[in-house]
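Student: Here it is: the structure, laid out below.
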Amino acid sequence: MTLRQDPTLDELLGDPLILAAMRADRVDPRALRTLLGAAAGRLAAAQAREPRPAKPPIDWRATPWGAGAPARLPSQPLADACGAAFCC
């Protein structure tokens, strides 16, 4: 048993229902596999040429959990003047 959730291309192209639909649509499984393999190769080559930029580091001082965060919760109640937490 695998922990994957999505089927692989081999599993999809081996599924009897998908094969029946491809036959009805006159799709050649070998040609489709070749087309998808070529597309995957072009995508991998493009990603190798242009690596994704690194994300900037998070400035934790700008978040409520940073150095300037209050040590305790605010003293004002969470309810509105009418007494409801959410006013309608």
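The values are calculated or read from the model by the stated rules, or taken from the named source; none is laboratory data. Computed from a prediction, not measured in an experiment: that's the story for all the values here. Cβ coordinates were reconstructed from backbone atoms using ideal geometry, including for glycine residues, and neighbour counts include every protein chain displayed.
Student: Restricting the search to the range 24-50, which residues are more than 22 Å from the chain's Cα centre (by Cα), of a type in the set (Lys, Arg) and assigned to a helix (DSSP H, G or I)?
Tutor: Arg30, Arg33, Arg49
Student: Within the set of pairs 6+ apart or on separate chains, which have a first residue in the range 31-52 that is free of Cβ contacts under 8 Å to residues at least 40 places away in the same chain and exposed (fewer than 10 other Cβ atoms within 10 Å of the Cβ), a second that is in a helix (DSSP H, G or I) and among the small types (Gly, Ala, Ser), and C-beta atoms under 7 Å apart?
Tutor: none
Student: Anything in the range 40-54 that is modelled with pLDDT of 75 or more and within 30 Å of Leu9 (Cβ to Cβ)? List them, or say none.
Tutor: Hits for the range 40-54 are Ala40, Gly41, Arg42, Leu43, Ala44, Ala45, Ala46, Gln47, Ala48, Arg49, Glu50.
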